[in-house]
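The structure under discussion appears below in the form of structure tokens.
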Amino acid sequence: MTREQIRKAEGAAALTLSTLSALLGLFWLVFILGDVLVQGLQALTPTLFLNDPAPAGAEGGGLRHAFVGQLLITFFASLIGVPVGVLGGTFLAEYARGRRIARIISILSDIVVSVPSIVIGTFVYAVLVKPVGHFNGWAGAVALAIIMIPVVLRTTEDMLSLVPWELREAAFALGAPYYKVIIQVVYRGAATGILTGILLSIARVAGETAPLLFTSFNNSFFSVDMSHPIASLTATIFQYATGPYKTWHAQAWAASFVITVFILLLTILGRLIIRWRYK
Amino acid sequence: MAVTVKRNPGDIIFFSLTAVASCTIIVFIVGIVFVLLTESSLAIQKFGVIQFLTSTEWDPVKETFGALTSIYGTIVTTALSLLIAIPVALGIAIFITEVAPNFLRAPIGIAIELLAAIPSIIYGMWGLFTLSPLMGNTVEPFLKKATASIPLVSVLFQGTPMGIDVLTASVILSIMIIPFTASIARDAFNLTPAVVKESAYALGTTKWEVVKNIVIPYSKLGVFGGILFSLGRALGETMAVAFVLGNNHRIFTSLFDSAATITVTLANEFTEADKDIYLSSLFYLALVLFVMSFVFLAIAKFFLLRAERRYSR
Amino acid sequence: MRKFFKIAAILACVVSFSPAQAAEKLNGAGASFPYPVYSAWAFDYHKATGVQLNYQSIGSGGGIRQITERTVDFGASDAPLTPDALAKAKLLQFPAVIGGVVPVVNIAGVKPGEMRLDAEASAKIFLGEIKYWDDGKIRALNPKLKLAHTEITVVHRSDGSGTTAVFTEYLNAVSPDWKAKVGSGTAVKWPVGIGGKGNEGVANYVQRTANSIGYVEFAYAEQNKLTYTLLKNAAGTYVTPSFAAFEDAADTGTFDPKNHFYLWLVNAPGKDSWPIAGATFILLAQEKMDANRKVVKFYDWAFKNGDAKAKELVYVPLPKSLKDKIRAYWKANGAQ
């Protein structure tokens, strides 16, 4: 073989390998999603959403309690996490723009995003469960909010930085104070971007299990009382999947299906908004 | 570009609000360290630091606790999963940035990111019901047979293949971190200036040579940071491995052994611990995990920032 | 955006004030072994009275700690607490239902109830001292079985569990060697073997691994048709695990209210007693009078109406004499 041929062959081999690895990545995605889809759809019935659980091992129960509990926890986590995250991001991108403190907080949030969520669970247990005297839904919401805040904060910071500085100057020239400029001009310019960040952060926390195990705990009854243990889909999946009953396994698959579809839709929606807005 | 805030009451209020909100991040970190330290003080006093980190004794009956088995399990599963994930992730990144036709790049990029969005409990359940029987019945017996005659290597594949072991857990972990590593590597590759690549092509280099000699050297800091970041993620992953690792405190040598990681120990034993010293030791483990992942993530961030600063100018 | 927050604020108010008119609630947590029967009782109780009793199976260790920290209304444990421990944590304790632990094996050609084991053999297997199924000791117990020279794989629980507590308490009672080397508890340092999470984890491993032995709750072995073994009890009989054998163990044990019913039913002396039986216990906080009354009301109801359901789920209801003792104990402690 000539040198030329060797080079070509080496290139072809390497590029084939890289194509294969991309296919492998896609293969896992299809494998996992397909499995969740097939197994989940089999167990998906209207009663799953309408009924509360039947006693262990019996047929016919549903997961209404877990769906409602999950929505409540996620909702209140967003209610805490979104404002704090957006305001925090505003500080970094506006008042503290270019300052050292903004840089430090920004780096720290990137790290906090990836801190093991089970550690956050133990932290919230010590702070909000032990002193109160019982597991409660608020603790679960706070644990998820802690995971959410850095995500929202960082996207907000990035999105606000993308708003052209001239826009603010134009508003200053009209005599507007900075806070009015931020709320009425800058937020408007970055709204879609921030919304995307919020959607993605909700997608991130909606599937969290580890921090809920020691905080909102679980509940086998329908309950909307956030000051007591409350069911969540993810904790229920953990319990049902490791349980001994076939009906539990089927419901765990169905619940996984619902939660996966929900999260993937949010993620895709977020990506679509970015493409549509910033292209 | 910083603006000096005028003494406008509205601004003062809004400024304080946002400042407080952004400081929550610092409060979390300080709070976590403080609370974990307080809660684990009992165990720290009893076992000290060195003894706790180096003892393999995890015996709830005798109430002596050492973290080494959990740390060992964490490190081995993480290392193994990185070993599987890195080549695949780099391959994917090369495919997306250099090989794929333009119309395929975005969809594949999104598909990989969807893989990252699937919650870890789904990975865990899928691992328990689908992957573990597959590994236990097909893959692992095959590996055992294939390596039986190779000295040293066969030690890694000793014992009865059951699918609930270090190998299965590492495979699931690797599937989980592939998308993180791939997307960070892709971003790093994309930082290579097009001009440099084009000049190389003009000199008659092949695509692979451009990747090997230009893109990778250019982006190695970013890729390294990405790998460390995935490492930080893998260290702290709980649900994906909790189902398939078996929570067994011992120093294992075979990949078919069940094992424990720090996260799996916490998930299995946190609500179980009945004695104060037991619970305190679990908080101590959580503290060790927090410090480990924080350090790795901080180093990762350092490299990623260096990479950005160097090439984004 | 602003509208969103307004709606959210209203919703928040509604949700946080709704508990005032919500149904009566009780929270309990602990042992996973009685979970199916408690949740079935709770389901029927809810239908009958409207009271919600939320029981979460987090394991006995967890149950003890949660009630000690007062994070639940009642705790549940398969391991009884000693009177001293109860006094220290200011707790009350009474048994609720009885079950048993059975060894299960997976050996080619061996059917349920064919393998015979005695105390010494079980202890030595779980200590790792008997390594092969054709060991002389096992062969002597099973002259009719054809046992090959295959290595024994021991399967145990990886999580803390009352099942482990009962099983190791049994080994403790019958083997001084075991007591010295390992001891008993909800989680112990196992000399040999692999760990599976929960009864299902152990069953899963045993079914998948040839020549293995593990231990699971009787209800679990029964429902999943596992290969249980016979055990030689203290009276020298080889017993099949069954309702009758557990009831016999419960009858020969004397629960004493003065000791808060502290009793391990292992190695019971009765002629037909299954040697690894155990009651599972409910723990109450002494000072939480209000909650205690409600919990006691539930168990009083269950003692009256729940026996059939318990049997259906393969649990042994308490004998009537014991129920009466428990009712007297409740009265004496102001819970009824």
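All of the numbers you see were taken from the coordinates with simple rules; none came from a lab. Quantities reported herein were computed from a predicted structural model and do not represent experimental measurements. Glycine gets a Cβ as well: all are built from the backbone with ideal geometry, and neighbour counts include every protein chain shown.
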Odd one out for A:Leu72, checked against (1) part of a helix (DSSP H, G or I); (2) closer than 27 Å to B:Met176 by Cβ: (2)
Residues within the range A:165-213 that are more than 11 Å from chain B (Cβ to nearest Cβ) and outside any helix (DSSP H, G or I), tallied: 1
If I filter the range A:72-87 for residues that are touching a Lys or Arg at 6+ places or on another chain (Cβ under 7 Å), at the interface with another protein chain (Cβ under 9 Å from one of its Cβ atoms) and touching a residue at least 12 places away in the same chain (Cβ under 8 Å), do I get at least one hit? no
Of all the residues that make up the range B:136-181, how many are in contact with a strand residue (DSSP E or B) (Cβ under 7 Å, 6 or more places away or on another chain) and part of a helix (DSSP H, G or I)? 1
Scanning for something assigned to a helix (DSSP H, G or I) and closer than 24 Å to C:Pro269 by Cα, does the range C:196-218 turn up at least one residue? yes
Within the range C:183-196, the count of residues that are closer than 21 Å to C:Trp264 by Cβ and either more than 8 Å from every other protein chain (Cβ to nearest Cβ) or surrounded by fewer than 21 Cβ atoms within 10 Å (Cβ to Cβ) (or both) comes to 3
Give the range A:107-141 a look and list any residue that's of a type in the set (Val, Ile, Thr) and closer than 19 Å to B:Glu272 by Cβ, or say none. A:Ile118, A:Val119, A:Thr122, A:Val124, A:Val129
Taking interchain pairs and intrachain pairs at least six residues apart, which have beta carbon atoms under 9 angstrom, with the first residue in the range C:260-279 and touching a residue at least 40 places away in the same chain (Cβ under 8 Å) and the second assigned to a strand (DSSP E or B) and among the polar types (S, T, N, Q)? C:His260/C:Gln93; C:Phe261/C:Gln93; C:Tyr262/C:Gln93
When the range A:50-82 is examined, which residues are found to be closer than 17 Å to A:Asn219 by Cβ and surrounded by fewer than 18 Cβ atoms within 10 Å (Cβ to Cβ)? A:Asn51, A:Ala54, A:Arg64, A:Leu71, A:Phe75
Quick check, is A:Ile104 within 14 Å of chain B (Cβ to nearest Cβ), surrounded by fewer than 17 Cβ atoms within 10 Å (Cβ to Cβ) and among the β-branched types (Val, Ile, Thr)? yes
Among the residues of the range B:250-272, how many are surrounded by fewer than 23 Cβ atoms within 10 Å (Cβ to Cβ), within 23 Å of B:Tyr284 (Cα to Cα) and more than 10 Å from chain C (Cβ to nearest Cβ)? 2
Do the conditions hold for C:Thr186, that is, is it hydroxyl-bearing (Ser, Thr, Tyr) and within 23 Å of C:Gly61 (Cα to Cα)? yes
Can you tell me which residue is nearest to C:Glu287 (Cα to Cα) among those in the range C:48-74 that are among the β-branched types (Val, Ile, Thr) and more than 9 Å from every other protein chain (Cβ to nearest Cβ)? C:Ile67
If you check B:Ala116, B:Ala169, B:Ala185, B:Ala111, which single one turns out to be crowded, with 24+ Cβ neighbours inside 10 Å, within 14 Å of chain A (Cβ to nearest Cβ) and closer than 30 Å to B:Leu228 by Cα? B:Ala185
Can you run down the residue pairs with Cβ atoms below 6 Å, 6 or more apart or on separate chains, where the first is in the range C:29-45 and under 12 Å from C:Gly75 (Cα atoms) and the partner is part of a helix (DSSP H, G or I)? C:Ala29/C:Gly63; C:Ala29/C:Gln66; C:Gly30/C:Ser60; C:Gly30/C:Gly63; C:Ala31/C:Ser60; C:Ala31/C:Gly63; C:Ala31/C:Gly162
Scan the range C:197-251 for residues that are away from chain A (no Cβ under 14 Å) and either on the phi > 0 side of the Ramachandran plot or of a type in the set (Gly, Ala, Ser) (or both) and jot them down. C:Ala210, C:Asn211, C:Ser212, C:Gly214, C:Ala234, C:Ala235, C:Gly236, C:Ser242, C:Ala244, C:Ala245, C:Ala249, C:Ala250
So which of B:Thr24, B:Thr38 ends up being within 7 Å of chain A (Cβ to nearest Cβ), part of a helix (DSSP H, G or I) and free of Cβ contacts under 8 Å to residues at least 12 places away in the same chain? B:Thr24
Somewhere in the range C:148-167, is a residue in a loop (DSSP other than H, G, I, E, B) and hydrophobic (A, V, I, L, M, F, W, C)? yes
All but one of (1) under 14 Å from the mean Cα position of the chain (by Cα); (2) at the interface with another protein chain (Cβ under 8 Å from one of its Cβ atoms) hold for A:Ala126; which doesn't? (1)
Restrict the check to the range A:125-148 and report whether at least one residue is touching a Gly at 6+ places or on another chain (Cβ under 7 Å) and among the β-branched types (Val, Ile, Thr). no
Residue hits (the range B:15-52; crowded, with 21+ Cβ neighbours inside 10 Å, among the β-branched types (Val, Ile, Thr) and in contact with a Leu (Cβ under 8 Å, 6 or more places away or on another chain)) are B:Thr18, B:Ile25
